[in-house]
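What follows draws every value from the coordinates through simple rules; no lab data is involved. On a predicted model such as this, the values are computed, not experimentally measured, just so you know. Counting neighbours? That spans all protein chains shown, and the Cβs are built from the backbone with ideal geometry, glycine included.
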């Protein structure tokens, strides 16, 4: 019985370490406000998205690849929206722009300024 408890404790500890290492900081401040992150930190921008309406958020490719690394996006459902995930690679400043589109029509845009500090 004690051996099983140690295994469960070890598993729980490993799981919490993995979850904390993989957690992404949420960025909420839209342009002209600035979001601050540190080098090697992971962060996300979450935007509301409901696929049943036909509208989707799309990232524009204006960001500087040497400052930020785009790690992909995850749709988390109509209520939670879509997460755009990034990692801060180097010190600097970058602007991320997203467009809400339906077919080829742009309905709205959002910008997020990210400043990476050491």
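Order by neighbour count: 31, 103, 24, fewest other Cβ atoms within 10 Å first, most last.
So the ranking, lowest neighbour count to highest, is 103, 31, 24.
Under 12 Å from the 7 Å Cα→Cβ point of residue 74, by amide nitrogen: which residues of segment 44-61?
Answer for this model: 44-45.
Can you compute the label reach from residue 111? Point 7 Å from Cα along the Cβ direction, backbone N cut-off under 20 Å, restricted to segment 23-39.
Taking a point 7 Å out along Cα→Cβ of residue 111, the residues of segment 23-39 whose backbone N falls under 20 Å are 27-37.
Mind sorting 69, 51 by how few other Cβ atoms lie within 10 Å of their own Cβ, fewest first?
Placing the least packed residue first, the sequence is 51, 69.
Considering Cα pairs under 8 angstrom that are at least six residues apart, work out the relative contact order of segment 25-117 and quote it in whole percent.
Normalised by residue count, the contact order of segment 25-117 is 37 percent.
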